[in-house]
1. So, Glu287, is that one at pLDDT 70 or above, loosely packed, with under 10 Cβ neighbours inside 10 Å and either under 36 Å from the mean Cα position of the chain (by Cα) or not small (Gly, Ala, Ser) (or both) or not?
2. Can you say whether Leu240 is part of a helix (DSSP H, G or I), at pLDDT 90 or above and surrounded by 12 or more Cβ atoms within 10 Å (Cβ to Cβ), as far as the supplied structure shows?
3. Looking for whichever is touching a Leu at 6+ places or on another chain (Cβ under 6 Å) and over 18 Å from Glu89 (Cβ atoms) here; the options are Leu114, Leu131, Leu148. Which one fits?
4. With the checklist (1) loosely packed, with under 11 Cβ neighbours inside 10 Å; (2) not in a helix (DSSP H, G or I) in hand, flag the one item Ser101 doesn't pass.
5. Would you point out which residue out of Asp146, Asp107, Asp130 is charged (D, E, K, R), in a loop (DSSP other than H, G, I, E, B) and out of contact with any helix residue (DSSP H, G or I) (no Cβ under 8 Å at 6 or more places or on another chain)?
6. On the given criteria, is Phe178 part of a strand (DSSP E or B), of a type outside the set (Ser, Thr, Tyr) and touching a residue at least 12 places away in the same chain (Cβ under 8 Å)?
7. Let me spell it out: the conditions are (1) at pLDDT below 85; (2) of a type in the set (Gly, Ala, Ser); (3) open to solvent by less than 70 Å² (accessible area, probe 1.4 Å), and Ser85 meets all of them except one. Which number is the exception?
8. Going by the structure shown, is Ile153 open to solvent by less than 70 Å² (accessible area, probe 1.4 Å) and either touching a Ser or Thr at 6+ places or on another chain (Cβ under 6 Å) or among the aliphatic types (A, V, I, L, M) (or both)?
Amino acid sequence: MKDLLFIAVLVSAVYVFYRIMLKEPILPWKEKKPQTPKVKTKTSKTKKTTNTETEEEEARPFQELFPNVVGIENHMIRHSNNTFSLMAEVYPVNYFLMNPSEQDAVDAIFETWLAQVEDVRWYLQNRFVDLTEPIKEIQRTMDSEDDLHPNAIEYGVNLIEELKNWQSSTPRYETKRFMVFDYRVDEKEIRAETDEELEEKIIDKAFNELHRRLTAAKMQLKKADIEVHMLTTDGISETLYYQFNRRRALKSQYRDFEEQEKLAMFVTADQTAAQILRVKGEIESAEKEKPQETAS
């Protein structure tokens with residue numbers, strides 16, 4: 001009797017274990033709970049976003065850095081409350097290739113300058129690596145040299161192809177570093193008889209003060225081999241272009257606009273052939289007079 005009872009308990013335990021493993025109800029007359037099917041969502045490797053969304057997302061930090069911008073004039077960014085910003089590009093030293101004593105010297109110079117500076121902001125801009133100019137330089141060298149060895153020509157052609165493939169294979173970035181000096185002009189401190197004179201004096205005072213700060217930073221950081229170059233109006237426009245057109249700047253480069261005179265002001269009215277020839281003659285005569293003026 002005990003053996004039959006033991007066998008019955010063992011069979012029951014095996015049956016319960018078997019039903020649990022199959023995720024079935026232990027009692028056969030119980031209904032199985034319906035399982036909610038798992039919906040597989042396909043995750044695309046590349047998220048497609050519209051250009052406007054990308055541009056707005058990239059442009060937002062720049063708008064926070066320069067709020068209430070009125071325009072760019074006299075190599076400065078002008079704000080609505082007579083506040084001006086001067087930008088300068090900074091070319092850093094290769095800090096990690098220096099020995100400890102050289103690193104300490106750079107740190108001391110930079111810390112000394114930071115303790116003396118009144119107001120400075122930093123702006124870092126990541127751009128896609130652009131190898132267009134080095135590729136053009138290699139191509140110009142190959143075209144200008146007539147006595148190149150065939151192996152050198154083959155090497156140059158292969159190098160150009162490799163550089164193009166390297167640039168287009170995966171996105172690679174380079175960081176541009178800028179320092180920004182801000183200064184607000186108080187109209188009450190300026191005496192002027194007309195509005196034009198007041199406007200001229202405001203711009204002159206802002207530029208003189210900002211240029212003084214930039215020159216002081218340039219002289220101080222030069223001791224640490226850190227180069228500082230002021231951005232002109234064209235340089236500020238180029239920085240803005242790369243900020244708001246980061247992906248498009250690879251194909252439509254800013255320097256191409258200047259070379260193709262797309263940034264120049266020109267008359268779009270219909271002109272006669274005689275008028276066009278007269279203007280061309282004036283341009284040619286002006287270009288001939290320039291060397292004479294420089295020579296004198």
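The values are calculated or read from the model by the stated rules, or taken from the named source; none is laboratory data. It should be emphasised that the depicted structure is a prediction, and the values quoted were computed from it without experimental measurement. Every residue, glycine as well, gets a Cβ built from its backbone with ideal geometry; the counts of neighbours run over all protein chains shown. To get the accessible areas, we keep the full protein, side chains included, count just its heavy atoms, and leave off ligands, DNA and RNA. Shrake-Rupley method; radii C 1.70, N 1.55, O 1.52, S 1.80 Å.
1. On the way: at pLDDT 70 or above: yes; loosely packed, with under 10 Cβ neighbours inside 10 Å: yes; either under 36 Å from the mean Cα position of the chain (by Cα) or not small (Gly, Ala, Ser) (or both): yes.
Taking the combined requirement at face value, the residue satisfies it.
2. Criteria not met by Leu240.
3. Numbers: Leu114 fails: touching a Leu at 6+ places or on another chain (Cβ under 6 Å); Leu148 fails: touching a Leu at 6+ places or on another chain (Cβ under 6 Å).
Exactly one of Leu114, Leu131, Leu148 is touching a Leu at 6+ places or on another chain (Cβ under 6 Å) and over 18 Å from Glu89 (Cβ atoms), namely Leu131.
4. Unmet condition: (2).
5. Asp146
6. On the way: part of a strand (DSSP E or B): yes; of a type outside the set (Ser, Thr, Tyr): yes; touching a residue at least 12 places away in the same chain (Cβ under 8 Å): yes.
Yes.
7. Every condition holds for Ser85 apart from (1).
8. On the way: open to solvent by less than 70 Å² (accessible area, probe 1.4 Å): no; either touching a Ser or Thr at 6+ places or on another chain (Cβ under 6 Å) or among the aliphatic types (A, V, I, L, M) (or both): yes.
So Ile153 does not fit the description; no.
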